[in-house]
Each structure stands twice: as structure tokens, then as C-alpha cells.
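Scroll down for the structure; my scribbles are underneath it.
The values are calculated or read from the model by the stated rules, or taken from the named source; none is laboratory data. The structure displayed is predicted, hence computed values, not measured ones. Virtual Cβ from ideal backbone geometry, glycine too; neighbours counted across all protein chains shown. Remember, those area values only see protein heavy atoms, side chains included, never the ligands or the DNA or RNA. Shrake-Rupley method; radii C 1.70, N 1.55, O 1.52, S 1.80 Å.
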Amino acid sequence: MKKTEKLKVNRLIENQIPGGNRHDRMPDLLDLQRFENKNIYYYKAVDSTNLVARKLAEEGACAFSTVVAEEQKKGRGRLGRGWFSPRGTGLWFSMLLRPDDSGYFDASPSTLVTAAVLADFLRTRFELPVQVKWPNDLLIGKKKFGGILTEIKAEFGRINYLIVGIGLNINQLETDFPAEIGQKSTSLLIETGRLFNRTELFLLIRDELEKAYRLFFAEGFSPFSRLWEKYNSTLGQTVTVCWPGGTMRGKALGLAKNGALLLQDKDGDIHTVNYGELI
Ligand code: BTN
């Protein structure tokens with residue numbers, strides 16, 4: 001890492017907390033003043049930033065408007081699950097995307113684009129060994145610190161808008177997680193022993209994502225597929241994919257052009273899996 005980059009990293013990481021405790025970390029609310037003129041909608045608490053973003057989209061909010069909340073009372077995960085979103089420790093936000101509706105656009109890889117860009121950003125800035133797991137998980141080691149929930153409003157042949165919801169565990173300690181997810185969850189604080197400036201991190205990530213989505217709308221998934229493959233923890237592994245109503249076991253061979261997983265079963269047949277989760 002270059003010297004100038006190290007300086008930037010240090011500006012982002014506020015301080016070390018050896019054996020840190022909750023008191024050291026409070027209060028840490030996002031700095032509202034930094035959000036002016038950026039189409040950022042800030043809330044102390046919401047049910048879900050995805051739901052707020054959807055409402056704003058229906059009211060005509062412009063592309064790249066971003067809803068961020070200190071806390072989500074009913075944070076939503078994929079496959080109907082919840083997403084643990086306590087106050088002031090993580091980043092919970094949703095971005096509204098409006099792909100140009102003048103032509104056909106395949107939005108299916110949106111989640112993979114988001115994961116690849118986040119992994120690349122966190123690796124480059126902080127030298128964190130972030131990996132992406134198909135389709136929407138961000139991992140360090142085998143533990144999850146981030147997830148993406150992409151929702152779409154479309155008519156036949158036309159996308160009205162997309163909402164990309166991102167949850168990142170930043171300044172939580174192990175003891176902050178409920179028992180049922182504690183074993184498999186982590187945060188940037190747990191991994192580095194350092195507190196992160198969430199405002200700074202959020203603004204940088206938001207800018208990176210806007211830049212990436214503009215490229216995605218112009219050129220599709222191809223500028224991102226190599227990046228995703230570089231950081232993935234999925235390909236080459238024998239995995240079980242499950243979805244509501246079914247499961248399939250096989251070797252994860254690669255990605256289709258639209259981001260679907262190509263899975264080879266024990267008979268050698270290759271299946272295209274568009275939806276599900278790896279267990
Ligand atoms: C998952 O891994 O299942 C996806 C988790 C997505 C969580 C984020 S937090 C911000 C946005 N609002 C939500 O209700 N969910 C997403």
C-alpha cells in the first residue's frame with residue numbers, strides 16, 4: 001500500500017480499542033451535516049431502509065438517492081429473514097437505481113456487482129481479506145459481516161427502479177450479536193480491533209457504488225465479473241444450494257452472463273441456478 005493511501009486509511013480508522021468496551025464506542029451517530037446536497041435521506045430509526053427507499057421511489061425521488069438509518073426496527077434479509085440492525089454500530093442503507101429505460105437492461109447481476117465493488121473497496125483501503133459468497137454475502141474468514149438485498153419494481157420488458165439495500169457490520173463487538181447469529185457473524189471492529197468512522201466510510205462507499213452502477217448500466221456485468229471471481233469463496237467448491245422448495249448439490253463451476261451460478265451435479269449435468277443460498 002502506498003504512503004498516501006495509508007494516510008487515508010488512518011483518517012478513516014479513528015482509534016484502537018484494545019479489548020474495547022461498549023462505553024468507548026458511544027456515542028457514534030452519523031454526521032448529518034456531511035450529507036447535505038447529496039440526496040441522502042437520514043433517519044434515526046426506520047422499519048427498513050429498503051421500504052423507505054421504495055416509498056421515495058414511488059414519489060419520484062431521483063436516481064442514486066440513498067436512505068440511511070442509525071437503526072432498523074425490522075431490517076430485512078433475503079429469503080424472508082430479518083437483518084439485525086442495532087443503533088449506531090453498523091451501516092444500514094439503501095440506494096435507489098433507475099437504469100435508463102430506453103432499452104433492455106439485465107439487472108440480475110446487480111447484487112453481484114454490489115458485492116464485488118464493496119469487497120474491492122474494503123480490500124484496497126484497509127487490506128481486509130474480504131470475500132464474496134454467491135449471491136449476496138460479504139465474508140471475512142468464514143464469517144459474514146455484510147449482506148445485500150436487492151429489490152426490483154418492473155413491468156414486462158421494463159424496469160421501473162431497483163432498490164439495493166446494504167447492511168454492513170462495522171463497530172460491533174462479539175457480545176453485541178444475538179446468540180443465534182453470533183457464531184457466524186463478524187464486524188470490521190472484531191476483525192481489526194479498530195473503530196471505524198462510519199460517516200466517512202458510508203460517504204466513500206456511496207460514491208464508489210454510484211460510480212460502479214453508472215458503469216454497470218452502460219456496459220453490463222462484464223466489467224465486474226472478473227472482480228467478483230477474484231474475490232469469491234464459491235467457485236470450485238462442492239456446495240449445496242437451497243431455495244424455497246428445493247435443494248441441489250454440486251460443484252460451483254462459474255457464473256453465467258447474468259450472474260446465475262453454474263452448478264455441475266454428480267452426473268456431470270450443468271444447471272443454471274438463478275436464486276437461492278449456499279449452505
Ligand atoms: C442478507 O444477507 O440476507 C441481506 C441483508 C440486507 C440488509 C440490508 S440493511 C439495509 C437494507 N434494509 C433492509 O431492510 N435490508 C437491507
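Its residues counted as N, the chain yields a C-alpha radius of gyration over 2.2 N^0.38 Å of 1.00.
If packing is taken as the mean number of other Cβ atoms within 10 Å per residue, what is the order of 247-257, 199-209, highest first? Numbers along the way, then the final one.
Details: 247-257: 16.2, 199-209: 18.9.
Most protected by this proxy first, the peptides run 199-209, 247-257.
Heavy atoms of the protein chains alone define the surface here; on that basis region 238-278 has 56 Å² accessible area per residue at 1.4 Å probe size. Accessible surface area normalised per residue over region 150-221 is 43 Å², counting heavy atoms of protein chains with a 1.4 Å rolling probe.
What number, in percent, do you get for the relative contact order of region 238-278 if the mean sequence gap of Cα pairs under 8 Å and at least 6 apart is divided by its residue count?
On the way: 72 pairs, mean separation 14.7, N = 41.
Across region 238-278, relative contact order equals 36 percent.
The relative contact order of the chain comes to 17 percent, based on Cα pairs under 8 Å that sit 6 or more residues apart. When you restrict to C-alpha pairs under 8 Å that are six or more residues apart and normalise by the size of region 159-279, the relative contact order lands at 14 percent.
Within the chain, which DSSP H helices have Cα atoms that stretch 27 Å or more along the helix axis and a mean Kyte-Doolittle hydropathy of at least -1.0? Helices passing the filter in the chain: 198-219.
Rg over Rh for region 238-278 works out to 0.93, both radii taken from alpha-carbon positions and Rh defined as the Kirkwood radius.
Antiparallel as a % of all DSSP beta bridges within the chain, to the nearest 5? Numbers along the way, then the final one.
Details: 49 of 57 bridges.
So the antiparallel bridges in the chain amount to around 85 percent.
For region 28-132, with all protein chains in place and a probe radius of 1.4 Å, 45% of the accessible heavy-atom surface sits on carbon or sulfur.
Pairs from the list Lys153/Lys251; Lys44/Lys230; Lys38/Lys153; Lys142/Lys251 with a Cα-Cα gap above 29 Å: Lys153/Lys251; Lys44/Lys230. All other residues whose Cβ lies under 13 angstrom from that of Tyr42 are scored, Lys and Arg at +1 and Asp and Glu at -1, for a net of +1.
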